[in-house]
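Student: What follows is a single structure, and I will ask about it in a moment.
The values are calculated or read from the model by the stated rules, or taken from the named source; none is laboratory data. What you see is a predicted model, and the numbers here were worked out from it, not measured in a lab. Cβ: placed from backbone, ideal geometry, glycine included. Neighbour counts: every protein chain shown. Heavy atoms of the whole protein, side chains included, go into the accessibility calculation; ligands, DNA and RNA do not. Shrake-Rupley method; radii C 1.70, N 1.55, O 1.52, S 1.80 Å.
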Amino acid sequence: MTITSEPLDVQPTPLALLLLGRESDPRSERGVDCPGDLPAPSDPDLVERARAAKAKLGEKVFVLGHHYQRDEVIQFADVTGDSFKLARDAAARPEAEYIVFCGVHFMAESADILTSDAQQVILPDLAAGCSMADMATAEQVAECWDVLTEAGVADVTVPVSYMNSSADIKAFTGRHGGTICTSSNAQRALEWAFQQGEKVLFLPDQHLGRNTAVREMGFSLEDCVVYNPHKPNGGVTAEQLRDAKMILWRGHCSVHGRFSLDSVEDVRARIPGVNVLVHPECKHEVVAAADHVGSTEYIIKALEAAPAGSSWAIGTELNLVRRLAKAHPDKQIVFLDKTVCFCSTMNRIDLPHLVWALESLADGKVVNRIQVDRETEHFAKLALEQMLALP
């Protein structure tokens, strides 16, 4: 056998280039094209550079920081909050020419939809997507609607889409007379939807839809059916669709979906008297076993109001849990799961990317601008405005 040392003529595939961050996929939120040189993460001057660039920009820039961002980024946020609160805060600052959104792609899209044409929304790293939002594409949802039409239920079905969805999905919702919801107002959104029709197509998080319908509104688990976009006809029969009240998209949050009933039982055994507080994106059995369930804002307010000396196990993203534990040293606050779990895509927005974005803007160069096309923006805005009009 002869061994040759000549190099193999191997060309990287498009997928390999995408994973290496050398290409972007326009059909996905996982775009990773990020031109320009990033400061090294170990650069000791990063904090001062961020301060200097932000000061140079003055009121021209408004920095938004989602609760799940790391502390090194949050320190430069003008406001913090959940995705919808931040988008509305951006719209309320028309004097800000640049909106730097330290969150993920769908959040920046919502900010672009709600802000004026004179404002430009910047996402420091285009790779900061959302696995849940990626679980429903425009093509898949259009096919789902065809399945509902063939089953004879589309005309009595109202789409309700979670804020954690792409602009395309929000636009689909607007086109079909539906509404957007957050984890705070999901019940109100569903109550409104059932006044408009007989069924709800809930996108893209099955757990929030199921938990709201069953826990808050008295539906049964049998009233819910899961549509799987990766199976023919969604993996459900026309009869199942006709019998169901809630048609749940098979999507979930990669962070909240990891919490299990074992996690709840384990923390109760370790910490007597612990209060288990979880986000409604968790699985139904976890929510059913918890003491308290609520949105990110609900979790923050619950811990602020909790008595000193109380113990809490929190089922949500780790950056927020750690920040809450630091803010309330008089209470025992632990992460519900034993395994560390950050939102990996949210954490792509790090200090090097933020510095790069701010310094680029300070030098007059707009980078990583997020723009939603006019037609998509129009219909997505209809759905968002319907949410704002909810009683």
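Student: Please determine, by comparing only the residues of region 325-341 that are in contact with a helix residue (DSSP H, G or I) (Cβ under 9 Å, 6 or more places away or on another chain) and assigned to a loop (DSSP other than H, G, I, E, B), which one is modelled with the lowest pLDDT.
Tutor: So, considering only residues that are in contact with a helix residue (DSSP H, G or I) (Cβ under 9 Å, 6 or more places away or on another chain) and assigned to a loop (DSSP other than H, G, I, E, B), the one modelled with the lowest pLDDT is VAL340.
Student: While we're on this one: Working only within region 129-171, note down all residues that are under 29 Å from ASN347 (Cβ atoms) and of a type in the set (Phe, Trp, Tyr).
Tutor: TYR162, the sole residue that qualifies.
Student: Show the residue pairs meeting these rules: Cβ distance below 6 Å; 6+ apart or different chains; first residue within region 232-247 and under 20 Å from ALA136 (Cα atoms); second residue aliphatic (A, V, I, L, M) and part of a loop (DSSP other than H, G, I, E, B).
Tutor: LEU241/ALA151; LEU241/VAL153
Student: When region 271-285 is examined, which residues are found to be surrounded by fewer than 16 Cβ atoms within 10 Å (Cβ to Cβ) and of a type in the set (D, E, K, R)?
Tutor: From region 271-285, those surrounded by fewer than 16 Cβ atoms within 10 Å (Cβ to Cβ) are 271-273, 285; that's our starting set.
The one that is surrounded by fewer than 16 Cβ atoms within 10 Å (Cβ to Cβ) and of a type in the set (D, E, K, R): GLU285.
Student: Does region 119-145 hold any residues that are open to solvent by 10 Å² or more (accessible area, probe 1.4 Å), part of a helix (DSSP H, G or I) and either out of contact with any helix residue (DSSP H, G or I) (no Cβ under 8 Å at 6 or more places or on another chain) or under 30 Å from ALA92 (Cβ atoms) (or both), and which are they?
Tutor: SER131, ASP134, ALA138, GLU139, GLN140, GLU143 - these are the residues of region 119-145 that are open to solvent by 10 Å² or more (accessible area, probe 1.4 Å), part of a helix (DSSP H, G or I) and either out of contact with any helix residue (DSSP H, G or I) (no Cβ under 8 Å at 6 or more places or on another chain) or under 30 Å from ALA92 (Cβ atoms) (or both).
Student: Output the number of residues of region 99-114 satisfying the condition of being over 21 Å from LEU361 (Cα atoms) and open to solvent by 10 Å² or more (accessible area, probe 1.4 Å).
Tutor: Final tally of qualifying residues: 1.
Student: Let me ask something else about it. Can we say SER344 is modelled with pLDDT under 95, within 24 Å of ASP71 (Cα to Cα), open to solvent by 30 Å² or more (accessible area, probe 1.4 Å) and not hydrophobic (A, V, I, L, M, F, W, C)?
Tutor: On the way: modelled with pLDDT under 95: yes; within 24 Å of ASP71 (Cα to Cα): yes; open to solvent by 30 Å² or more (accessible area, probe 1.4 Å): yes; not hydrophobic (A, V, I, L, M, F, W, C): yes.
In short, yes.
Student: Would you check which residues across region 72-98 are surrounded by fewer than 19 Cβ atoms within 10 Å (Cβ to Cβ), modelled with pLDDT under 85 and part of a loop (DSSP other than H, G, I, E, B) and list them?
Tutor: none
Student: Taking only pairs six or more apart or across chains, which ones have beta-carbon atoms under 7 Å, a first residue in region 146-169 that is part of a strand (DSSP E or B), and a second residue that is at pLDDT 95 or above and of a type in the set (D, E, K, R)?
Tutor: Listed by first residue and then by second, the contacts come to THR157/LYS199; SER161/LYS170; TYR162/ASP205.
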